[in-house]
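Everything below concerns the one structure shown next.
The values are calculated or read from the model by the stated rules, or taken from the named source; none is laboratory data. The model shown is predicted, which means the values in this text are computed figures rather than measured ones. Counting neighbours? That spans all protein chains shown, and the Cβs are built from the backbone with ideal geometry, glycine included.
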Amino acid sequence: MLQSKVEVIVARSWIVAAVAVAAIFFAPALLAKGDSALLASLGDEYFESRLKLYSLAATEDVGDPRFEGELAIDIAPAHRAEQAATFEALLKALRRVRRSSLSADEQLSYDLLKYDVSTRLESLKYPRHLLPIQHMECVPVKLAGWAGGQSVQPFKTVRNYENFLKRIERLPLWNAQAIANMREGMQRGIVQPRAIIERSLVQLKTLAEGSPEDSPFYSPIKRLPAEFSAPDKARLTAAYREALAGGILPSQARLYAFVRDEYLPHTRATAGLGALPGGDGWYAFQVRESTTTNSTPAQAHATGLREVARIHREMEGVKAQVGGTGTLLEFLKDFDKREALRPFKTEEEVLAHFASLNERIKPQLARLFSRAPKAALEIRPVDKLLRDTASSNYILPAIDGSRPGVFYAVVVDPLKYSTPSMAALFLHEGQPGHHFQMALQQELDIPKFRRFFWSDAYGEGWALYAESLGRELGVYDDPYSYLGRLQAELVRAVRLVVDTGLHAKGWSREQTIRYIMDTQGATEDDARRATERYMVWPGQALAYKTGELKILELRERAKQRLGDRFDLRAFHTEVLNHGSMPLTMLEKRINEWIAHARRAKAI
């Protein structure tokens, strides 16, 4: 009964949304343009539509101030219908563009636009909205983290404070929809694993209990800028307190009670997507989306096993170099426990070490790159609320220059933070990893939707490839730092094995934890954290190795075919110079670049 009602609501919502969206993409003035102008207009309209559809991404991925007070309920049936209508209408309008009449770069824009819209439309076939609560990226927890002031939500002006309040005042709507979706999921057998919900309950409890003044959502009021007027301070304080007491905290309490008392008993003992109704097809889509290839789960699994064996052999060489004893697993476990490699006592000391790595790397970058981002790179700690479940990450600069690129480091316990892993991590998240790729992409003279286009395999593949440049950049100058790099690479190879193991081969959570421990020498807690990440982000973990291997393959192909004419700086420029794209498109562009260089050589 519930499903049929939902289907009726979705059908009605889709009709309303389709009519409204069609008016945008089929406006006579728009369709009267020539092919190039029509493509440019469709790209711009699509970019604006995406910002409106995904308001949190507008803040996080773009930094557009127009949307910092919005919270789209994108898990609602009406919103999903609007998404579908938007994508269907744009694809239909795009068919009016004659691709053959476009320039080479416009053809790339056409292909990327069609690819992105088609992929987003296909993703709506799968019921991700019925799994709104998980410990890695849950909307109430995300916003509570943003309230801490160290993330992407700005807190500089009175308007900033008013906008954040406006945003969190919509949380009760999101929470109510999440409960409705989870109830539907319980009826359809589409529920989260029990371990994931147990982890999430710890976060939800923090947001549900205590007075308004105790809430993470109140933390902006505790750091009101001194320059705010006394009336503004009093007004904002009263408004936040009233909103929290009158709606937000009761809503969070209802969500917490529902998840704890009603949802948790219906969670599942299985770990992977393949255990859900239609899960095999769903995971196959996730693999294609994350790798931007036609690779199957079986092929990704086999690649992972080969890479694990190769990296183990290289580690054995480092072990012999430093006089290590015992098995490789014993050596790796002992390596991570050495006190000399854990010199930190505070989080500030860890961040200072990352800053010193940055200063060592910066002078060397010009040898490998002909261009650096204009935006600054800052190093900040991840908010405490997110620390136990988050991974270190990078946030790109805001579109208006109001924030720099930021490398957010997770420091759970500084006493256990090991120096050998830090160089590879900084190369990945900082420069020349995500900061070079994402900040430079913003500066390219390409359509706006391409400046903010993201492909996991390209972006994470580039960042993992950047880790391999550590020798040229002078940060793998001792065997321990290089072993730290190999450990980081091993993690990504293991991901190919365990992600496919969990979601395609029926591996249990415990089986996956054990494989990670036995292969990487990881502690049980680290292996558990990794496993639970892969459980809630099916396929995403495949992007890193898939992308890195493709870039390395293309680099080697260019070296072989160009011989002494091969220029690494020029290769890097070509990889980065057109922005993020699926690996199939990247390979096509690099092949064309090689052919052009060979023709120039022949002349």
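Miscellaneous remarks
- When L341, L264 are checked against the criterion of being at pLDDT 95 or above and more than 30 Å from V117 (Cβ to Cβ), L264 stands alone in meeting it.
- Just so you know, in the stretch 157-171 the residues that are part of a helix (DSSP H, G or I) and not charged (D, E, K, R) include one that is farthest from D64 (Cα to Cα), and it is L171.
- Scan of the stretch 275-303 for residues that are touching a Gly at 6+ places or on another chain (Cβ under 6 Å) and in a loop (DSSP other than H, G, I, E, B), ordered by number: P277
- Any hit, the stretch 257-267, residues being in the same structural domain as L165 (by TED's automatic domain parsing), basic (K, R) and surrounded by fewer than 16 Cβ atoms within 10 Å (Cβ to Cβ): no
- Condition check for R492: in a helix (DSSP H, G or I), surrounded by fewer than 24 Cβ atoms within 10 Å (Cβ to Cβ) and assigned by TED's automatic domain parsing to the domain that holds K337: no
- Among helices (runs of 4 or more DSSP H) entirely within the stretch 1-96, having at least 3 residues that are crowded, with 19+ Cβ neighbours inside 10 Å and modelled with pLDDT of 90 or more singles out 35-53, 77-94.
- Pairs meeting the criteria (first residue in the stretch 79-98 and assigned by TED's automatic domain parsing to the domain that holds D111 and under 18 Å from K52 (Cβ atoms), second residue assigned to a loop (DSSP other than H, G, I, E, B) and modelled with pLDDT under 95, beta carbons under 8 Å, at least 6 apart or on different chains) are A89/F26; A93/F26.
- Helices (runs of 4 or more DSSP H) (entirely within the stretch 178-266) containing at least 1 residues that are β-branched (V, I, T), out of contact with any strand residue (DSSP E or B) (no Cβ under 7 Å at 6 or more places or on another chain) and under 21 Å from S151 (Cβ atoms): 194-208
- Test: residue in the stretch 363-372 that is in the same structural domain as D456 (by TED's automatic domain parsing), in contact with a Gly (Cβ under 9 Å, 6 or more places away or on another chain) and touching a residue at least 24 places away in the same chain (Cβ under 8 Å): yes
- When the criteria are applied in full, M182 fails the requirement of being within 25 Å of F285 (Cα to Cα) and modelled with pLDDT under 95.
- Taking the stretch 220-248 as the range and being touching a residue at least 24 places away in the same chain (Cβ under 8 Å), of a type in the set (G, A, S) and under 14 Å from E162 (Cβ atoms) as the test, the residues that pass are A239, A243.
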